[in-house]
Amino acid sequence: MAKFFITTAIPYVNDAPHIGHAYEAVNTDAVARWHRLLGDDVFFLTGTDEHGLKVQRSAEAVGLTPKEQVDRNSERFRETAKLLDISNDDFIRTTEERHHGAVKQFLQTIYDRGDIEIQRYEGPYCVSCEAYYTDDELVAGPSGAEGQQQLCPVHGRPVEFFSEDNYFFKLSKYEKPLLDWLTDNPDAVQPDTRRNEAIGLIKQGLRDISITRTSIDWGVPVPWDEKHVFYVWYDALVNYATAIGYGTDPDRFNAFWPTANHVIGKDIIRFHCVYWPAMLLAAGLDPPRHVWVHGFLLVGGEKMSKTALNQIAPADLVEDFGVDALRYHLLRDVPFGPDGDFSYERVVDRYNSDLANNLGNLLSRVATVVGSKLDGVGPAPRADSPLAGVAADCYEATAAAWNRVAPSEALEATWRLIRETNAYLESNEPWKAEAGSPEVAAVLGDALEVLRIVAILAVPAVPTTSNEIWRRLGLPGGADEQRLPDAAAWGQYPGGLAVEKGPPLFPRRVDR
Ligand code: ME8
């Protein structure tokens, strides 16, 4: 069985989850579910990033110890993952003992191989990014009594000046190996625009980077010099290795690591496409197989942030629309790669058009006519159905899109099959035909077969709905237990099963 290791970035726990985090988690979950359908041995990892100055200060601001703050907020991320039906196999917290052990071993290996050394570091630091900047990376802010302020290019906030003895990772050595990696593996970082960004960062020239701090103690201690702790990013990135057994279970690590796929947002390309692959090379390991980079979900054209007071909590939307409808919207309406704007109206529109009118309506009219014309017993499809070719085309397009991590296109392809089937029913009008006639059985058998295939193909987006359709069709097991591509082949709805109408899957919303 092919292994497939997939990860989300691990969010900082200085704050509660917002729909940007939900967007990343749902996209990663959908790809993981797709690979389970393909029969891969999937290991899906998510978790929380709990060290660093940002988290320490956020704890101080609310009068908690860092430990109390991270315990409380990590739990919120875990609960949100459950609420969103995220099928992660593990949830890693960087404050866990297993992670401290792996970080120490990983960085000790790089140290022993000669790529870490001590130097004095001085420079501007953005606490929100947890990153040092060079002077020429900063942007000019307003002028004040102390001259012109220099701001972080990501957050637009004033940077602080830090000076300390730090251990440095010899990143500069890795310019050529990193460019070779990206040239030899053109799909390692996708989409192409993000790959070009990563290549641009490397071609600008790489300086050695400071990886430890002495000014705080909320972090993983440096094993060879305990006055230092690792700077948060260099502990956090190692989470991907920790969870699959780095340093504790070499067989498991060696089986999963070559199949590693990271899903991240565009703001952390530098860390995942430059620093992390270089650290891996320095530790004698291969860079990740893929880094898939998504854009930002914006609210009113702006990035969500605590200061802008424009954060939307995933739990509110789940309560309002249901988890599958929210998942579907995030995957279908915000294509993976560019930024996308979140709007309540778009969720309602998509809900009504694709879920209520197309999918819900197809199931409901098929089950109704099976009830009224065929005594509730679903017939088998015809081998030569006009829908067989459409189903095969839509399957190919759906599979190709999931494989290139384009959920929006994958769902468009699956929903094309639903739309074509609704049109087929409208032109054949089985509800007008004679009860029990071969014509009714033929048309409804075809439509039931489409519903069977659609239930499987929709698993990555709407897993609960898919299993519910499967159950109402009278099929044994679950839609999510089927294996592709075999299960998508035309003609497998057996016929003779009791079809249940049930309440509407997605009652139409009247708030638009
Ligand atoms: O960067 N839309 O944590 P984080 C889409 N701890 N994605 C968004 C988003 C938005 N509005 N806002 C954030 C960190 N994200 C580090 C990661 S990994 C070893 C350490 C994405 O809480 C963001 O791009 O700031 C990132 O991929 C993830 O959420 C966590 O962001």
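List of remarks:
- Boolean, G205 is exposed (fewer than 13 other Cβ atoms within 10 Å of the Cβ), modelled with pLDDT of 95 or more, of a type in the set (G, A, S) and closer than 16 Å to V293 by Cβ: no
- The single residue among N73, N14 that is part of a loop (DSSP other than H, G, I, E, B) and either buried (at least 21 other Cβ atoms within 10 Å of the Cβ) or at pLDDT 95 or above (or both) turns out to be N14.
- Meeting the requirement of 1 or more residues that are within 24 Å of H51 (Cβ to Cβ) and open to solvent by less than 10 Å² (accessible area, probe 1.4 Å), the strands (runs of 3 or more DSSP E) wholly within segment 229-335 are 260-265, 290-294.
- Checked against the criterion of being hydrophobic (A, V, I, L, M, F, W, C) and in contact with a Leu (Cβ under 7 Å, 6 or more places away or on another chain), the candidates I92, I86, I110 yield just one match: I92.
- Pair list, Cβ under 6 Å, 6 or more apart: segment 408-425 residue in contact (Cβ under 8 Å) with a residue 40 or more places away in the chain, other residue among the basic types (K, R): S408/R332; L411/R332
- Cross-chain or 6+ apart pairs with Cβ under 6 Å, segment 15-38 first and closer than 14 Å to R332 by Cα, then away from the ligand (no atom under 11 Å from the Cβ) and charged (D, E, K, R): V26/R327
- Single condition L475 does not satisfy, out of (1) of a type in the set (A, V, I, L, M, F, W, C); (2) closer than 30 Å to D339 by Cβ; (3) open to solvent by 10 Å² or more (accessible area, probe 1.4 Å): (2)
- Against the conditions (1) assigned to a loop (DSSP other than H, G, I, E, B); (2) over 27 Å from the mean Cα position of the chain (by Cα); (3) surrounded by 16 or more Cβ atoms within 10 Å (Cβ to Cβ); (4) at pLDDT 95 or above, W218 satisfies every one except (4).
- Filtered residue count, segment 256-277, keeping only those that are of a type in the set (V, I, T), in contact with a strand residue (DSSP E or B) (Cβ under 7 Å, 6 or more places away or on another chain) and within 13 Å of the ligand (Cβ to nearest atom): 3
- Scan of segment 194-240 for residues that are touching a helix residue (DSSP H, G or I) at 6+ places or on another chain (Cβ under 9 Å) and of a type in the set (S, T, N, Q), ordered by number: T212, S215, N239
- Scanning segment 1-21 for residues that are within 7 Å of the ligand (Cβ to nearest atom), among the small types (G, A, S) and closer than 13 Å to Q311 by Cβ yields a single hit, G20.
- Breaking point among (1) assigned to a loop (DSSP other than H, G, I, E, B); (2) at negative phi; (3) more than 9 Å from the ligand (Cβ to nearest atom); (4) open to solvent by 10 Å² or more (accessible area, probe 1.4 Å), for H51: (4)
- Residue match in segment 55-64 (condition: outside any strand (DSSP E or B), open to solvent by less than 10 Å² (accessible area, probe 1.4 Å) and more than 14 Å from the ligand (Cβ to nearest atom)): yes
- Qualifying residue in segment 186-197 (condition: acidic (D, E) and either outside any loop (DSSP other than H, G, I, E, B) or open to solvent by less than 40 Å² (accessible area, probe 1.4 Å) (or both)): yes
- Qualifying residue in segment 394-417 (condition: more than 26 Å from the chain's Cα centre (by Cα) and away from the ligand (no atom under 16 Å from the Cβ)): no
- Any hit, segment 337-348, residues being in a helix (DSSP H, G or I) and open to solvent by less than 20 Å² (accessible area, probe 1.4 Å): yes
- Evaluating Q108 against the criteria (1) in a helix (DSSP H, G or I); (2) crowded, with 17+ Cβ neighbours inside 10 Å leaves one unmet condition, (2).
- Selection status of R33, open to solvent by 40 Å² or more (accessible area, probe 1.4 Å) and charged (D, E, K, R): no
- Of all residues making up segment 365-377, the number that are part of a helix (DSSP H, G or I) and buried (at least 18 other Cβ atoms within 10 Å of the Cβ): 6
The values are calculated or read from the model by the stated rules, or taken from the named source; none is laboratory data. Please read these numbers as outputs of a predicted model, since none were measured by experiment. With ideal geometry, Cβ positions are generated from the backbone for all residues, glycine too; neighbour counts draw on all protein chains shown. Remember, those area values only see protein heavy atoms, side chains included, never the ligands or the DNA or RNA. Shrake-Rupley method; radii C 1.70, N 1.55, O 1.52, S 1.80 Å.
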